[in-house]
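Here is the structure we will look at.
The values are calculated or read from the model by the stated rules, or taken from the named source; none is laboratory data. Being a predicted model, the structure only gives us computed values, none of them experimental. For neighbour counting, all protein chains shown are included, and Cβ atoms are generated from backbone atoms with ideal geometry for every residue, glycine included. Just so you know, the surface numbers come from the protein's heavy atoms only, side chains and all, with ligands and any DNA or RNA stripped out. Shrake-Rupley method; radii C 1.70, N 1.55, O 1.52, S 1.80 Å.
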Amino acid sequence: FISILGLGNANFDLDNKRIADNLYKMADTTPLFSQRLLFKSVLKSNLSILNYELENYEEAYDYLDEYVIYTDSLNEQKHKFSIANFQTKYETEKKEKENIQLQSNIEKEKNQKRNLLYSSLVLLLFGGITTSLFLKNSKRKRLLAEKNNEIEQQKVVTLLKEQELTSIDAMIAGQEKE
């Protein structure tokens, strides 16, 4: 297609307008697989100009009409592509923001879990130290109470012995008086 179109353009430039017309018409019937609208638009423009110069005004107008249709379709295709491109960009940015938000949430959860772990360890340590001090204090109080009991028992024993001695002394004094 492109080579036929190029030959048509060369013949047009060389004022071989009939040959250019035949080549353009041949190019028009050639199947296109890519960039169809663009090539058809260029071809219809060339045919319109050629027929205008050949004073085939009706054909020139028809080709100009087709040129406008292909150009409009091409522009519409470009707009759709631009819109799709912007849509993709928007969706990508939206997904990136969501990912950032999710990562932020995950980081916050990690920090919360870590802080909870640290707080639990501090409370456990504090509880352990408090329990240990309480048990030591209780043991000291118990030992002190036991020693106080022993002292009281010794006082009682000493008092009993003194009373016994006093009563023995009183008996001895009573026997001596007799």
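Multiplying the residue separation of Lys177 and Lys17 by 0.36 nm and subtracting their alpha-carbon distance yields 39.9 nm.
Volume per residue of the convex hull around the Cα atoms, evaluated for the chain, comes out as 142 Å³.
Overall, the chain carries a charge dipole of about 1420 debye about its Cα centre when +1 sits on the Cβ of Lys and Arg and -1 on the Cβ of Asp and Glu, all other atoms neutral. A probe of 1.4 angstrom, applied to the heavy atoms of all protein chains, finds Lys17 with accessible area near 40 square angstrom. Ordering Ala145, Thr92, Ser48 by the projection of their Cα atoms onto the charge dipole of the chain, which places +1 on the Cβ of Lys and Arg and -1 on the Cβ of Asp and Glu, puts Ala145 at the extreme positive end. Nonpolar atom fraction for the chain, defined as the carbon and sulfur part of the 1.4 Å probe accessible area, stands at 59 percent. The distance separating the Cα centre of the stretch 1-64 from that of the stretch 103-149 comes to 93 Å.
These residues, Leu159, Leu116, Leu50, go from largest to smallest accessible area, 1.4 Å probe, as Leu116, Leu159, Leu50. Relative to the longest principal axis of the Cα atoms of the chain, the long axis of helix 2-13 makes an angle of roughly 40 degrees. Solvent-accessible surface of the stretch 1-109, averaged per residue with a 1.4 angstrom probe and all protein chains in place: 73 square angstrom. Heavy-atom accessible surface of Tyr118, to the nearest 10 Å², is about 120 Å², with a 1.4 Å probe and all protein chains retained.
Of the listed residues Met171, Met26, the order by accessible area with a 1.4 Å probe, largest first, is Met171, Met26. Across the alpha-carbon set of the stretch 69-123, the Rg to Rh ratio works out to 1.58, Rh being the Kirkwood radius.
Classify the stretch 16-79: rounded, prolate or oblate, from the alpha-carbon gyration tensor (a ≥ b ≥ c, eigenvalue square roots; a/c under 1.5 rounded; otherwise prolate if a/b is larger than b/c)? Oblate.
Per-residue surface analysis assigns Arg142 an accessible area of about 130 Å², computed on protein heavy atoms at 1.4 Å probe radius.
Dipole orientation for the chain: of the candidates Gln163, Leu117, Leu133, Gln163 has the Cα lying most toward the positive pole (charges on Cβ; Lys, Arg +1; Asp, Glu -1).
How much net charge surrounds Asn115 when only other residues with a Cβ under 11 Å from its Cβ are counted (Lys, Arg +1; Asp, Glu -1)? Show your work: numbers first, answer last.
On the way: positive: Lys108, Lys110, Lys113, Arg114; negative: Glu109.
Summing Lys and Arg as +1 and Asp and Glu as -1 gives +3.
The alpha carbons of the stretch 114-178 occupy a box of 94, 7, 5 Å along the principal axes, longest dimension given first. Excluding same-chain neighbours fewer than eight residues apart, no aspartates and glutamates are reachable from Lys97 by a Cα-Cα span under 14 Å.
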